[in-house]
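Enquirer: Take this structure first; my questions come after.
Bear in mind these aren't lab numbers, they're just calculated from the coordinates by the rules spelled out. Keep in mind it's a predicted model, so treat the numbers as computed, not measured. Because the Cβ atoms are built from the backbone with ideal geometry, glycine has one as well, and the counts that use them run over all protein chains shown.
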Amino acid sequence: MPRLVLLRHGESLWNKENRFTGWTDIDLSENGVNEAKKAGKILAKKNYKVDIAFTSVLKRAIRTQWLALEEMDLMWIPTKKSWRLNEKHYGKLQGLNKQKMIDKYGKKQVHLWRRSYEIMPPALHKNDKRHPSKEEKYKTLHKNDLPKTECLKDTLQRLLPYWFEEIIPELKEGKNVLISAHGNSLRALIKHLDKIPDNKIHELEIPTGVPLVYELNNSFVPKKSYYLKY
């Protein structure tokens, strides 16, 4: 049966600076570049094959995909990008330092904004320069698809149509799939795959740059999953 490989992008510049990133298009740090290359190397070393790759439209995930596929000598395979694989939108928190927000609002509140299933961070105003309507990459989207903020539930709801309509058909054809995405978009997908309860998903943490492999059965239900590490 086909394998599904999930890869959270390598450390970004704002991960390094401990800032909320969300849909802000921030690149990888030097360490993040090395993490992405290492992910590709371990996949190649263990002879994992990928037939098609999916990623978000954010450069930290795209570059992670490029670097991993380069190490696997698979830059020629088909790749697809979608905003539906983007990170959770952090609203007004985007660009702000996480520790400063803890100092201002308290650790419990910030934890809820970051990890809870249904609690959203404070929303952006539609005229805020950080609103996705200000970016050319989202010009073709309907205004109802442009978030001012999101909780994990929102992220899952906009991700699932892409999972069923674009990714599952590739798996049905027997193709091994790589998804290079983000902490929360992958948390949302893992919640769906592993049927993690709403009140338990806050416990899930996904490391940057470490491939997570799912072996699926005929119904695309996980038989087992594991991280690939040196």
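Enquirer: Give the peptides 105-114, 140-149, 171-180, 82-91 in descending order of average Cβ contacts within 10 Å, highest first.
Expert: Packing order, densest peptide first, comes out as 82-91, 171-180, 105-114, 140-149.
Enquirer: Now a separate question. Given +1 on the Cβ of Lys and Arg, -1 on the Cβ of Asp and Glu, and no further charges, what dipole in debye does the chain carry about its Cα centre, rounded to the nearest 20?
Expert: Charge dipole of the chain: 520 debye, to the nearest 20.
Enquirer: Can you compute 3J(HN,Hα) from phi for each residue in the stretch 37-53, using the Karplus curve 6.51 cos²θ - 1.76 cosθ + 1.60 with θ = phi - 60°, rounded to whole Hz and x for Gly and Pro?
Expert: Coupling constants for the stretch 37-53: 5, 5, 4, x, 5, 6, 5, 5, 4, 9, 6, 7, 9, 10, 9, 8, 10 Hz.
Enquirer: If you don't mind, there's one more thing I want to ask. What whole number of Å gives the distance from the Cα centroid of the stretch 1-67 to the Cα centroid of the stretch 144-203?
Expert: 16
Enquirer: Please give, to one decimal in nm, the separation of the simple spin-label points placed at Lys16 and Lys172, each 7 Å out from Cα toward the Cβ.
Expert: With each label placed 7 Å out from Cα toward Cβ, I get 4.4 nm.
Enquirer: Amide H neighbours of Lys88 under 5 Å, at least 5 residues apart or on other chains, H built in the peptide plane: list them.
Expert: Answer set, sorted by chain and number: Asn184, Ser185.
Enquirer: For Cα Rg over 2.2 N^0.38 Å, pick the label among [x] 1.03; [y] 1.19; [z] 0.98 that corresponds to the value derived from the coordinates.
Expert: Working out Cα Rg over 2.2 N^0.38 Å from the coordinates points to [z].
Enquirer: Do any of Lys148/Lys223; Lys108/Lys229; Lys148/Lys224; Lys100/Lys126 go past 30 Å between their Cα atoms, and which?
Expert: In this structure, Lys148/Lys223; Lys108/Lys229; Lys148/Lys224 exceed 30 Å between Cα atoms.
Enquirer: Quick check on packing: order 19-26, 47-54 by the mean number of other C-beta atoms within 10 Å, highest mean leading.
Expert: Ranked from most to least packed, the peptides come out as 19-26, 47-54.
Enquirer: Charges on Cβ only, +1 for Lys and Arg, -1 for Asp and Glu, centred on the Cα centroid of the chain; of Ala123, Ser29, Leu4, which one is farthest towards the dipole's positive end?
Expert: Most positive-ward Cα: Ala123.
Enquirer: So, one more: What FRET efficiency, computed as 1/(1 + (r/R0)^6) with R0 = 30 Å and r the Cβ-Cβ distance, is obtained for His142 and Asn47, rounded to the nearest 0.05?
Expert: Efficiency computed from Cβ-Cβ geometry: 0.10.
Enquirer: Show the residues, 5+ positions off or on another chain, whose built amide H is closer than 5 Å to the amide H of Leu216.
Expert: Leu4, Lys223
Enquirer: If r is the Cβ-Cβ distance from Lys126 to Lys224 and R0 is 35 Å, what FRET efficiency results, to the nearest 0.05?
Expert: The computed FRET efficiency comes out at 0.20.
Enquirer: Can you list the residues, at least 5 places off or on another chain, whose amide H is less than 5 Å from the amide H of Ala123, using H built in the peptide plane?
Expert: Close amide H contacts, sequence-distant or interchain: Lys92.
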